[in-house]
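**Student:** Structure provided below as structure tokens; questions to follow.
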Amino acid sequence: MMIRSTEICSVGVWLLLISYIQYGSAFYLPGLAPVNYCRKAESTNACKVCSKNYTGGEVQSDRRLMVLKKGISLNYQHHWIVDNMPVTWCYPLDNDKQYCSTGFPMGCFVHSDSDEACLVNPNYNRRGFYYIFNHMDLRITYHSGQPEGKVGFRGNGGRIISVKVTPRSINHLNSLKIDCDNTDPLAIKSNTLGRGERLSIVYTYSVLFNMDNSVKWSSRWDYILESMPHTNIQWFSILNSLIIVLFLSGMVAMIMLRTLHKDIARYNQMDNGEDAQEEFGWKLVHGDVFRPPRKGMLLSVFLGSGVQVTFMTLITLGFACLGFLSPANRGALMTCAMILFVSLGTPAGYVSARIYKSFGGVKWKSNVVLTSLVCPGVVFCLFFVMNLVLWHESSSGAVPFSTLIALLGLWFGVSVPLTFVGAYLGFRKRALEHPVRTNQIPRQIPDQSIYTQPVPGIIMGGVLPFGCIFIQLFFILSSIWSNQMYYMFGFLFLVFLILIITCSETTVLLCYFHLCAEDYHWWWRSFLTSGFTAVYLFIYCCHYFFTKLSIKDGSSMFLYFGYTCIMVFLFFLLTGTIGFIACFFFIRKIYSVVKVD
């Protein structure tokens, strides 16, 4: 959800407060002297951050108060970061376990027709009132560093291992004298303020430092990950999906190998016999199977960008599995993916040029320009349009204009030249030599049955690959849109490898059936068969939007489906390229081992 940075004073000022109490990966108590922080054990008074005043009848004031109430009713949350670690809000569950959320709400609203009180405090139960959480009790737990074999900080500080917050609502009657022990909450009526009526909200905080040497600094994320209720479910679901997909993949591979072995043995036996029979099946179309497809330029461009996306994903997940891109390194995953995508322009240009040259294409300039501009341009244009929406909404999540210029610099200054280098190397190579010659006159394709026609085959081809990712997809979408932590990159890497195997085997199997039906139009079909998995991905994202999210704002809906389109498009390139490459090598292999006159 979008947070307007100009509406709530507490967001920016409280973040400045957090920046004072951290210094790199450690903090120092003497350095806190200039900051007016409060220790709850020493003082009953909280420290004032700022105050906001609202006056009824003033258009600007009424609008800001309405935005504040809307954020509370939509369950907008604060997300604070200390030492690259989220500030957590921990509360007990019904099973006597503790759940730690990486965000905490701005406040709560008690509906007029509801008997339920706020989760934070059952005393916040007045119907039809908003309770703004304007006071934060921060509990910072630190490790002195000495038991870990380090020199330590000589009693002056330590390494932060957890920062927990307890949000409260306090009605500060006097902003000059603040009492954090006050239990009277600040209840704001749902109606608008009357003309001339004033409302003052004072934001305060208190800090308590607690030393705990029993938890190592390297294990400081454990209490967050272990408290997540879906952890055990995710392990079971991933293992279950892994076993099922491996079993299905083994069956497909076994059927393909046995069937192909019999076909090749039968064809070679017929060629050696004295009474040769008429050719049939996939051998019959050997003179047309390598005929260049229509729209070969577009296919080669998609394949070049698909190779770029595939290697980017593979290397990024590899780094994540090794721990270089852990959740502690905020933004490292996206930064690594962006740098890899830009740096992999050479393989994209090389593959696109080699495939296009094998189609007999001669417009090499158009090929290299389209490879370097089309697919990255689609992603950048979608991102730019969504960023315009964020700018219009005055959202703090909008990317600055200078960052967009830097992205354009990386695109045109690094990626495009590397793509030209790869295309130059690819066009210098000789065209791919196919194992059989192509006839001058194309063979007529016989009437096909329903399951061998292009559209049903493409639709069926994406089912099995999607089946091996939809469980992981739920947790990935939850980490993006529902403020959940995603950290099981090892399982994600395994699922990605299974996705590669499943896309390859499914595409090869369907391609073999089509060739047996004497349909040699396999170029685009092999790309679209596995690429159709992206359509199922889009359908699942729509299902997740309507069943798991409560987004009613038009701008937020546009952003959700905009980012979903980017993800679906990149996934389409990835899966389509995997299926095409597998089918390409499969067809070259089977026609190279069969004797053809």
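**Student:** Considering the stretch 286-301 alone, what residues qualify as being assigned to a helix (DSSP H, G or I) and within 18 Å of Phe585 (Cβ to Cβ)? Before you say what the answer is, go through the steps one by one.
**Tutor:** First, the residues of the stretch 286-301 that are assigned to a helix (DSSP H, G or I): 296-301.
Those that are assigned to a helix (DSSP H, G or I) and within 18 Å of Phe585 (Cβ to Cβ): Leu299, Ser300.
**Student:** Does Leu333 fit the bill of being open to solvent by 50 Å² or more (accessible area, probe 1.4 Å), within 23 Å of Val414 (Cβ to Cβ), at pLDDT 90 or above and touching a Phe, Trp or Tyr at 6+ places or on another chain (Cβ under 9 Å)?
**Tutor:** no
**Student:** Might you check whether a residue that is aromatic (Phe, Trp, Tyr), closer than 21 Å to Ser73 by Cα and open to solvent by less than 30 Å² (accessible area, probe 1.4 Å) occurs anywhere in the stretch 202-211?
**Tutor:** Within the stretch 202-211, one or more residues are aromatic (Phe, Trp, Tyr), closer than 21 Å to Ser73 by Cα and open to solvent by less than 30 Å² (accessible area, probe 1.4 Å).
**Student:** Please specify each residue of the stretch 80-96 satisfying the condition of being in a loop (DSSP other than H, G, I, E, B) and modelled with pLDDT of 85 or more.
**Tutor:** Within the stretch 80-96, Trp80, Val87 meet the criteria.
**Student:** State all residues of the stretch 97-115 that are farther than 15 Å from Val87 by Cβ, at pLDDT 80 or above and part of a loop (DSSP other than H, G, I, E, B); if no residue qualifies, say none.
**Tutor:** The answer is His111, and nothing else.
**Student:** Given the criterion within 19 Å of Gly306 (Cβ to Cβ), open to solvent by 10 Å² or more (accessible area, probe 1.4 Å) and assigned to a helix (DSSP H, G or I), identify the matching residue among Phe569, Phe561, Phe546.
**Tutor:** Numbers: Phe561 fails: within 19 Å of Gly306 (Cβ to Cβ); Phe546 fails: within 19 Å of Gly306 (Cβ to Cβ).
Step by step, each of Phe569, Phe561, Phe546 is checked, and only Phe569 is within 19 Å of Gly306 (Cβ to Cβ), open to solvent by 10 Å² or more (accessible area, probe 1.4 Å) and assigned to a helix (DSSP H, G or I).
**Student:** Let me ask something else about it. Could we say that Ser526 is surrounded by fewer than 20 Cβ atoms within 10 Å (Cβ to Cβ) and out of contact with any strand residue (DSSP E or B) (no Cβ under 6 Å at 6 or more places or on another chain) here?
**Tutor:** Details: surrounded by fewer than 20 Cβ atoms within 10 Å (Cβ to Cβ): no; out of contact with any strand residue (DSSP E or B) (no Cβ under 6 Å at 6 or more places or on another chain): yes.
The answer is no for Ser526.
**Student:** Let me ask something else about it. Residue check, Phe496 against (1) farther than 23 Å from Ile445 by Cα; (2) open to solvent by less than 10 Å² (accessible area, probe 1.4 Å), all met but one. Which one?
**Tutor:** Of (1) farther than 23 Å from Ile445 by Cα; (2) open to solvent by less than 10 Å² (accessible area, probe 1.4 Å), only one is false for Phe496: (2).
**Student:** Take the residues of the stretch 140-165 that are part of a loop (DSSP other than H, G, I, E, B) and open to solvent by less than 30 Å² (accessible area, probe 1.4 Å): which is modelled with the lowest pLDDT?
**Tutor:** Gly152
**Student:** Also, I was wondering about something else. Please list, ordered by first then second residue, the pairs with beta carbon atoms under 7 Å, 6 or more apart or interchain, first in the stretch 76-103 and of a type in the set (Asp, Glu), second at pLDDT 80 or above.
**Tutor:** Asp83/Ile160
**Student:** Checking Ser415 against (1) surrounded by 15 or more Cβ atoms within 10 Å (Cβ to Cβ); (2) under 18 Å from Trp524 (Cβ atoms): exactly one of these is not met. Which one?
**Tutor:** So the condition that Ser415 fails would be (2).
**Student:** Within the stretch 328-370, count every residue that is assigned to a loop (DSSP other than H, G, I, E, B) and within 22 Å of Ile566 (Cβ to Cβ). Explain how you work it out, then say what you get.
**Tutor:** In the first step, residues of the stretch 328-370 are kept if they are assigned to a loop (DSSP other than H, G, I, E, B); the result is 328-331, 344, 359-363.
Subsequent filtering for residues that are within 22 Å of Ile566 (Cβ to Cβ) retains 330-331, 344.
Count: 3.
The values are calculated or read from the model by the stated rules, or taken from the named source; none is laboratory data. Just so we're clear, the structure is a prediction, and the values are computed from it rather than from any experiment. So basically every Cβ, Gly included, is an ideal-geometry build from the backbone, and we count neighbours across all protein chains shown. The area values use the complete protein model at the heavy-atom level, side chains included, leaving out ligands, DNA and RNA. Shrake-Rupley method; radii C 1.70, N 1.55, O 1.52, S 1.80 Å.
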